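Have a look at the structure below before the remarks.
Derivation of every value follows stated rules applied to the coordinates shown; laboratory data play no part. Small disclaimer: the values here were computed from a predicted structure and weren't measured. Please note: Cβ atoms are built from the backbone with ideal geometry, for glycine as well, and neighbour counts cover all protein chains shown.
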Amino acid sequence: MDAQEPGRLTPALILFGAPGSGKGTQARLLRQQCLNGPHISTGDMLRQHIEARDLIGLDIEGRMRAGRLVSDELVNRLVEERIQQPDCRDGFILDGYPRTLNQAAVLRDFAAARGVDPYVVHLIVDYDKLVARLSGRRQCPVCGTLYSLSTNPPKVPGVCDLDGTALVTREDDREPVIRERLEQYELQTRPLLEYFQRVGVAMFEIQGAGATPDAIAKCICGKLAVSGRTVR
Ligand code: AP5
C-alpha cells in the first residue's frame with residue numbers, strides 16, 4: 001500500500017467474531033457482492049506456512065494444533081507486510097486480526113500513520129451453534145469454498161461442488177481444540193470490543209446465525225453503503 005493522497009482514506013473492514021461465527025464465509029461473499037480489495041485471513045496465512053514446512057510453520061504448528069494463539073510479534077509483522085502490498089491500496093478485509101489488545105494497538109498506530117479507516121463488523125453467534133458449526137465444517141483445499149454438514153452440505157458427500165476436489169476437515173476442528181479456541185477468544189479477543197468502543201473505532205453488530213450467509217452479507221453491504229465505505 002503506497003502513501004495515500006491527502007484526504008483519501010483506505011477502508012479496512014475488520015470481520016470480528018468467535019471461531020465459527022462466519023468471518024471467512026462473509027469475507028468471500030462480501031467480495032462477490034460489494035467490496036473490492038483482498039481478503040486477508042491470518043489463519044490462512046499461518047496455515048500456508050505450516051503446509052510449506054518452513055521455519056515459521058514449524059515454530060507455530062504446535063500452538064495452532066492446540067488451539068492457542070501464536071505470538072503477537074509474528075502476526076503483527078505478517079499483517080503489516082501484507083497490507084502494504086499494492087493490492088491493498090483501495091481497501092482490504094481483515095479476517096481473524098486483530099485478536100489481542102497488542103494487535104489492536106499496533107493496527108491502530110499503523111492506520112493512523114497510513115491513512116487507513118478501520119471499520120469493525122461483529123458477527124454474533126451463540127456458543128452452542130459455534131461448536132456445532134466447527135465440528136461440521138468442511139473446506140475445499142483448492143478453491144477454499146466452505147461447507148457445513150448441517151446447513152450447507154456439498155451435493156455429493158465429501159466432494160467440492162465447484163471443482164470436484166475431496167473436502168478436508170481442519171486440524172483444529174476437533175471438539176477439545178474447538179473448546180480451547182473458544183476459551184482463547186473469551187480471554188484474549190472478546191475484550192477488544194470494549195477497546196474498539198473506547199478508542200472510537202466505527203463498529204456495528206449483526207446476528208451471524210438464523211439467516212443464510214447470503215442474507216447476512218447483503219445486510220453488511222447495506223450498512224457499508226450507508227456508512228459511505230467503498231462499495232462497488
Ligand atoms: P482462524 O483461521 O482465524 O480461525 P477462527 O478465528 O477460529 O475462525 P474460523 O476460521 O474457524 O471460523 P470463521 O469465523 O471464519 O467461520 P467460517 O466462515 O469458517 O485461526 C486459526 C488459528 O490461527 C487460531 O486458533 C490461532 O492459533 C491462529 N491465529 C489466527 N489469527 C491469529 C492472530 N491474529 N493472532 C494469533 N494467532 C492467530 O464458518 C464456520 C462454519 O459455519 C462453516 O462450515 C460455514 O459454512 C458455517 N456458516 C457460516 N455462516 C453460516 C450461517 N449464516 N448459517 C449457518 N452456517 C454458517
Add -39500 (n - 2.57) for each DSSP H run of 4 or more in the chain, then divide by its residues: what number comes out at 222 nm, to the nearest 500 deg cm²/dmol? -13500 deg cm²/dmol
Looking only at the chain, where both bridge partners belong to it, what percent of the DSSP beta bridges are antiparallel (to the nearest 5)? 25
Label points 7 Å out from Cα along the Cβ direction at ARG53 and LYS155: separation in nm? 3.7
So which trypsin sites (Lys or Arg not before Pro) in the range 95-179 are both in a DSSP loop and have at most 13 other Cβ atoms within 10 Å of their Cβ? LYS155
Listed pairs LYS155/LYS223; LYS23/LYS223; LYS23/LYS155 exceeding 21 Å between Cα atoms: LYS155/LYS223; LYS23/LYS155
Could you give the nm distance between label points at ARG63 and VAL142, where each point is 7 Å from its Cα heading toward the beta carbon? 3.4
So if each residue of separation counts as 0.36 nm, and I subtract the Cα-Cα distance between VAL226 and GLN197, what length gain in nm does that give? 8.5 nm
